[in-house]
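What follows draws every value from the coordinates through simple rules; no lab data is involved. Just so you know, these numbers come straight off a predicted model, no measurement behind them. Counting neighbours? That spans all protein chains shown, and the Cβs are built from the backbone with ideal geometry, glycine included.
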Amino acid sequence: MLYTKLFGKTKKETPADEVSKSARLLIQAGYIQKEMAGVYAFLPLGKRVLDNIIQVIREEMEAIGGQEIHLGALQNPEIWETTDRWSDEGIDVWFKTQLKTGAEVGLATTHEEPLTKLVSQYVQSYRDLPVYLFQFQTKFRNELRSKSGILRTREFIMKDLYSFNTTGEALDTFYEEAQTAYFKVFNRLGLGDKTYLTFASGGPFSKYSHEFQTICDAGEDTIYVDEEKKLAVNDEVYTDQVLQDLGLEKENLKEVPAVEVGNIFKLKDKYSKPLGLTYTDSSGVEKPVIMGSYGIGPARCMGTIVEVLADKEGIVWPAEVAPFKVHIVGLGLQNAEVAEKAQKIYKQLQQEKVEVLFDDRADVSAGEKFADADLIGIPYRLVVSGKTSEKIEFKARNETEAKMLTLPEILAEIS
C-alpha cells in the first residue's frame, strides 16, 4: 500500500474529546474515527488490525472444534420472552424498534436464546452432540454511557462461542479446553503477560464465572492478582470466604485496574430447558442439553493492545495483528535514483508476500515521516535514502537501535 493512496492519514493533534490513550492514538494514527458517542468507524488501517485479531481468535476456536456461523442481529421478542429477558428487568440495555407492520423487534445484545432455538432444530439424540458453534456478530447495547473509545461502545463485534454437551462432566472438559484456547489467543495478541484468569460472579449460572482481565490503567474493573499463581479475583467477589475457597492469601494479592477482554460461563440448562433444547440419551431418556458461553471482544482487544503496549512515540503492534509487517520510509524521493530504489524494494517485498506500507510522500520531511512511522506502529521500519547505498536501514518498532542490512538479510530477520 502506498501511503499517498491510503484513506485515512495521521493527524498532528490528538482528539480533545477522548480520554483514553488508545482512543487518542488510534484516531491520531488514522485507524478509527468517532461517528457518535459509543460508535466508531474502522478506517483501512483499523479494519486490517481488527480482521487480523478476528483471524487469530477464529483459528483458536476452530482448533478446539468450533464451527463458525452467523446469526441475525434483529431479534424476535417471543424467543426472549420465553426466558424472561425481553423486559428491561431481564436485559436493561436493549435497543428496541418496530417493523413497518408495527411488530416490535430488538437489536441483539447477545445470542443465547436464538442460537439455543436454532440448535433445537438439529439436535435430537446424544449422537448429535457435542456441538460447538461460534460467530463474529455485531451486538448493540444501549449503555447509559460509553467511554474509553473502543474499550466500551454501544455497537461492537463480539466473538461468542456456545458449547452444547450431554453432561456436566463433558461441559467441564470443554470449559478447560476453552480456557487454554483463550490464553493462546491473548498470547498471540501480545497480552498474555498481563492477562489473568479472574474469578467473578457466576450469577444465576454457577458459583463463579471466569473473566480474562488484562492489567491496564484505563480499565474499569478492579482485580486482585496473585502474580505467582497467575490467578485473580474480581472486586465484586473479593471476600475472605472466596479467597479461602480459591486457596489465595490476601498478603499475596495486588490490587490493580484491569480491562475484561474475555469471559466464559457455564450456562448448564439455564436456556435449554425453557427453549426445549433436549436430547435422547442411549437409554431413550430425554434430557436437557448442557450449555456453556465463551465471549471475546475483538475491538476491545485492539484498544487494550494499544493501552498496554504503546510507548511515548505511539502504537506498538505485535506482528500477528499489525496492519502491515513492514513500513518503508523513503527519504529524498525527489532524487530519481532513490525513488527507483525504494520502488524496487517495495515491489520485491510484495513479491515475497510481505505486507508493506510505503511512505512515498516526496514533500514531507524526514522527521515527520519518522514520527508518523512510530505513531502508526508497524513492526519493522526500512529507511531508503541516498545515504543507505546498497543496504537498507532496518529497525524493529520496539527496539532503539537500527542496523544496515541487505534485503535478503531483512527477509531472514522478519520471517
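Show me, bin by bin at 20 Å from 0, the whole-percent P(r) of the chain based on Cα pairs.
Going from the shortest bin to the longest, the percentages are 24, 49, 24, 4, 0.
Between the stretch 134-213 and the stretch 1-71, what's the alpha-carbon centroid distance in Å?
A separation of 20 Å, based on Cα centres.
Students often check this: by mean Cβ neighbours within 10 Å, which of 56-66, 72-82, 278-288, 19-29 ranks highest, and how do the rest follow? Display every interim value, and only then the final one.
Details: 56-66: 18.9, 72-82: 15.8, 278-288: 13.0, 19-29: 22.1.
Descending packing order for the listed peptides: 19-29, 56-66, 72-82, 278-288.
Give the shape of the stretch 97-221 as rounded, prolate or oblate, defined through the alpha-carbon gyration tensor: a ≥ b ≥ c are the square roots of its eigenvalues, a/c under 1.5 means rounded, and otherwise the shape is prolate if a/b is larger than b/c and oblate if not.
Oblate is the answer for the stretch 97-221, as a/c is 1.5 or above yet b/c matches or exceeds a/b.
Between helix 168-188 and the chain, what is the angle of the helix's C-alpha long axis to the longest principal axis, kept within 0 to 90° and rounded to the nearest 10?
So the helix axis and the longest Cα principal axis differ by about 10 degrees.
Please report the projected area of the stretch 214-299's Cα convex hull averaged over all directions, in nm².
Working: hull surface 35.6 nm².
The Cα convex hull of the stretch 214-299, projected and averaged over all directions, gives 8.9 nm².
Beyond a 18 Å Cα-Cα separation, which of these cross-linked pairs lie in this structure: 184/254; 12/387; 21/312; 353/387? Numbers along the way, then the final one.
Numbers: 184/254 24 Å; 12/387 28 Å; 21/312 10 Å; 353/387 27 Å.
Those over the limit are 184/254; 12/387; 353/387.
Between residue 9 and residue 47, what length comes free when the chain is fully extended (0.36 nm per residue of separation minus the Cα-Cα distance, one decimal in nm)? If you can, show how the numbers build up before the last one.
On the way: separation 38, 0.36 × 38 = 13.68 nm, distance 1.41 nm.
Length difference between fully extended and current span is 12.3 nm.
Specify whether the C-alpha gyration tensor of the stretch 326-414 places it in the rounded, prolate or oblate class, a ≥ b ≥ c being the square roots of the eigenvalues: rounded for a/c under 1.5, otherwise prolate if a/b is larger than b/c and oblate if not.
Details: a/c = 1.40, a/b = 1.08, b/c = 1.29.
Note, shape of the stretch 326-414 comes out rounded.
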